[in-house]
Amino acid sequence: MEVPECAVCLQPYDAALTVPRVLACGHTFCEPCIASLPLRPSLPVAAARCPICSQIVPLSPLPKNIDLLRFALPQNPNHNLRPTNLRLPPEFLPVSFPQSLVSQWSPFILPQSSISFSMCSISSELGSPWFCGEGRKVSFLKIGVSPKDPESFRISYSARLMDCLLKLRDEARTQLGLLINASWRRRRGISRILGVWIDSDREEEQGCNVYLVSERLQRVSMMGENWQELGALMVGMEMCEGLMGLHPEGIICGCLGVSCFAFDGSGHCVLDLGEVLVILQRIQKDLRMGKGLALVELGAFVAPEVFVKMSERNCSSDDCFDGSIGCAADVWSLSCILIVLLGGALLEKELLEGFYSFLPWKTDDDIVGLFLSRYEVWKEQVISKIKALLHEKRFEALLGILKSCLSYRPQDRPHVSDVWCCIKGLFTRLHVDGHAATDSEIIVAREKPLYCLILRDLFFQPEADDGLPPAEGNNGISEAISDEGLLASKGNYNNEHLPQENVNGGQLVERLHGGGAKSISLRGHNDSITGLAIGGGFLFSSSFDKTINVWSLQDFSLVQTLRAHEHRVMAILVVDAGEPLCISGDSGSGICIWNIEPSIGQEPLKKWYEHNDWRYSGIHALAASGTGYLYSGSGDKSIKAWSLQDHSLTSTMNGHKSTVSALAVADGILYSGSWDGTIRLWWITDHSPLITLGADMPECLNPLLSLSVCGHFLASSHENGNIKIWRNDTLVKTLQIQNGSLFALDMDTKWLFTGGWNKIIDIQELMENDFEVDIEPVASINCDSVITSLLHWHGKLFVGLANKEIKVYCSGR
């Protein structure tokens, strides 16, 4: 089935760049095309004519065409949503890129598993906005190195790319973004740059290579070609269209060769942006290293004013350039390519050798005069040769415009559109006056800021010499990287831990990522941590050692140890309604309530037992509602509701077939999870049952260990390492995070924190659109022990471990 596309620009619809919008007349177009419709100024509201039915329709509000968007989006349920709504990670993570960078570059991040480096091709279907099929060939341009993460800390693939992009200078990052955007918006005449990608499978000592990935096309080559005049001119006309699509974006190449153009799948000639960047990068590298430019070997035509600018010549003559580089530079290079297409490979070599033989490679007092005189001689020789090729009268106009394109003064050269019109006139037998420049091109030349790619370093700039070896080619893939193109790892990341220092008698501070995040170890328990809660300015921790420790949130010092339980403390929570209370439950079914203010008492405010049956394993979960009820989940498969006023039992809820292991209250509903694998919902007004989640999938049931509610999302972790995401009581995502049991889960806004048997904390972002929900990994942290509890609060992550410790991760900035 073909992907739905806009009837005007023929771009495939997606949920990011070309969103389908329905006009009042019923016709659908993408947002950019609707925005470009001419308005009707005589009407009181914004309105325009529909391009299909010509009806005048209002332009606001316009709903999405959900049906078309549904067909446009990939149908593969295993396809991850692109991180277009990727937000800043939690504050304690050592990632400092701003939200503006995330919004701008998220659409350009290629999925990690989508590219096969060894095969130089796309290894899996790419959905919106690329719509590239599996097996399509791609080219790689190495633009830097992503430094290797420490063993104890690892940020996600997307975050690593964002961190690398942050190291680009602002100007270079802006220009690179403009280039990628231009390749996406203007498909005619320009090849597509797919985005940025990290080769994580080939991690070296210094890190992973970062690549710019582009379409791999069949290049235009002069070797063995026998072009006829009209055939060569047809290709030349399409070359003009490529530049006409690039210049309105404010981008100038500054240097072009025959190899910068390629044939797409339809046989049309397009500007190969990937190859353009390869050539420009090689020229920049040679110039910085003080080598003679191998422009003849590269087949690159650099306009005279561009070479002078690159060489940093200071010229004061009236005949010299004014220092500005405009679209005329590409016109000069294009005219040379057109002459080569008409004359063949021998003429290409002759033109290149003749031009670069007299360029002022060395400083000379009479540099301007020498350059001018030799250039005019070279130009006349070229014109005489092209006259011999185009001796027929019908080529007279083309000969004249090519001569103008070779003018020494950039302001005397025509626009690219003038060349295109001249060539087109040869096929349509129309007279062309040579002044048919489009309005958009004139606006670019006069008003818009222009970026000349060859004069800008678009890639990573080092802070110091890092001693890394120069990059080498791989499997014939185009790679060109200078020392300045390597992302410095020294000074930015430090893989060595700083010396451990004791804080407040037993608290340990260790740097995780070169001054980014730090962790504080709280030691005071004698057995595994079972629960964490915050309230009244304190952190409360429960343990198998039958105690509750109270920690200060100011300096994380141990304030007090509460001892009243006779069995292992299994659950803990803090109730802030009215007077703050700490409530704990143990494996012997004992419940203790502790008063927090004005001071934490040594003895509980109230203590009672749920029941005295030794056959059951006591209390496993606690929750409280704003209506004055305390809920306890027990090993006897029931949930009991207790009044916080007089501590009496008011209701018992039955339905689960095994231990109730997790409880949560949100929006007037009590959620209960059980080892039977199901989640039950109850009204907290009368404690009547609502629905049961998961009961209709008995083959997928696995003991539930933890759950968390945030907004309209419900998340649960299970013994088999899976997490399940429910949106509005509908299961929308099941994903295996680890191979072992996930004992701990916490969800804050759209951040998911999970940990368990594998001793790894996984941090993910929960993303959604109109049709699906997905989880994007953000980072992972290795711990020294099994993770038993997690709590994210005010930018800090509190982690309970089986080795008696509590880790607090917070920002080191």
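What number of residues within the stretch 556-575 are assigned to a loop (DSSP other than H, G, I, E, B) and either touching a His at 6+ places or on another chain (Cβ under 9 Å) or closer than 24 Å to K637 by Cα (or both)?
Step one: list which residues in the stretch 556-575 are assigned to a loop (DSSP other than H, G, I, E, B), which gives 556-557, 564-568.
From the residues that got through so far, the ones that are either touching a His at 6+ places or on another chain (Cβ under 9 Å) or closer than 24 Å to K637 by Cα (or both) too are 565-568.
Residues that pass the stated criteria total 4.
For the stretch 540-557, the candidate set comprises residues that are crowded, with 19+ Cβ neighbours inside 10 Å and among the aliphatic types (A, V, I, L, M); within that set, the residue that is farthest from I520 (Cα to Cα) is I548. Just so you know, in the stretch 74-132 the residues that are more than 18 Å from G195 (Cα to Cα) and charged (D, E, K, R) include one that is modelled with the lowest pLDDT, and it is R87. Taking every residue in the stretch 236-260 that is in the same structural domain as L426 (by TED's automatic domain parsing) and pairing it with any residue that is of a type in the set (F, W, Y) and in a helix (DSSP H, G or I), at least 6 positions away or on another chain, the pairs with Cβ-Cβ distances below 6 Å are M237/W420; C240/W420.
Those residues that are in a strand (DSSP E or B) and over 20 Å from the mean Cα position of the chain (by Cα), I need them from the stretch 760-785; list them, please. Can you show your working first?
As a first pass, look at the stretch 760-785 and keep what is in a strand (DSSP E or B): 760-768, 773-782.
Within the stretch 760-785, I760, I761, I781, N782 meet the criteria.
With a requirement of 3 or more residues that are within 35 Å of the chain's Cα centre (by Cα), the strands (runs of 3 or more DSSP E) lying completely within the stretch 9-71 that satisfy it span 20-22, 28-30.
Of the strands (runs of 3 or more DSSP E) that lie entirely inside the stretch 625-686, those containing 3 or more residues that are more than 25 Å from A744 (Cβ to Cβ) span 639-643, 649-653. With the structure loaded, tell me whether S688 is among the hydroxyl-bearing types (S, T, Y) and farther than 30 Å from N595 by Cα or whether it fails that test. For S688, the condition - among the hydroxyl-bearing types (S, T, Y) and farther than 30 Å from N595 by Cα - is met. Would you confirm whether or not the stretch 332-348 contains a residue that is at pLDDT below 90, among the aliphatic types (A, V, I, L, M) and in a strand (DSSP E or B)? Looking for residues that are at pLDDT below 90, among the aliphatic types (A, V, I, L, M) and in a strand (DSSP E or B), one finds none in the stretch 332-348, hence no. Restricting attention to the stretch 38-56, and to residues there that are among the aliphatic types (A, V, I, L, M) and modelled with pLDDT under 85, which single residue is surrounded by the most Cβ atoms within 10 Å (Cβ to Cβ)? In this case the residue turns out to be A47. Scanning the stretch 576-594 for residues that are buried (at least 19 other Cβ atoms within 10 Å of the Cβ) and either assigned to a loop (DSSP other than H, G, I, E, B) or hydroxyl-bearing (S, T, Y) (or both) gives S584, S587, G588, S589.
The values are calculated or read from the model by the stated rules, or taken from the named source; none is laboratory data. This is a predicted model, so every value here is computed, not measured. Positions of Cβ are backbone-derived with ideal geometry, glycine not excepted, and every protein chain shown enters the neighbour counts.
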